[in-house]
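Read through the structure below, which is laid out as structure tokens, and then see the notes.
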Amino acid sequence: MATQLATFSLDGARYGVDVLRVREALRLQDQTPVPHAPVGVVGLVNLRGQVILSFDLRSRLELPPPPADAEPMMLVVQVGGESISLLVDEVGDVVDVEDDQFAPPPDTLGSPLRQIIRGAYKLDDGLLLALDLDRATAP
């Protein structure tokens, strides 16, 4: 059975999330910091009158900060019935993947990443890591 995943990149790796959970992709918006927020929470964004939480996957995955000249993107997704924004390096395409392309998470993945990846799809141009949105954004 085919599944459609919206793709994005983060620190050179390619990730995918269920396209049905993606609301939109945007350039980075102004963010209001949240004092004492959990690791990964960057702040709040006012998106056309709706205040949404902005989440940085780099800190959750213990990745280095992006280069100073980077222009992160926001991928607005549905988690627990709410919209949240994921900060990503680049938004990619929607790809169709088949069940027979899916494999458990590779043994080479580090612990933080291993906890939030459902598995990987083997594509012609490399691996596409299937991100578990619920686990990735949990406190």
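Every read-out reported here was derived from the displayed coordinates using simple, explicitly stated rules and does not represent laboratory data. Given the structure is predicted, the values throughout are model-derived calculations rather than measurements. Using ideal geometry, Cβ is built from the backbone for each residue, glycine included, and neighbour counts are taken over all protein chains shown.
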Region 65-112 to region 1-48: how many Å between their Cα centroids? 8
Stretched fully, the stretch from Glu98 through Ala37 gains (0.36 nm per residue minus C-alpha distance, one decimal, in nm) 18.2 nm
Cα-derived Rg over Rh, computed across region 2-136 with Rh taken as Kirkwood radius: 0.95
Along the charge dipole of region 1-57, pointing to its positive end and built from +1/-1 on Cβ of Lys, Arg, Asp and Glu, which listed residue (Met1, Pro35, Val45) has its Cα farthest out? Met1
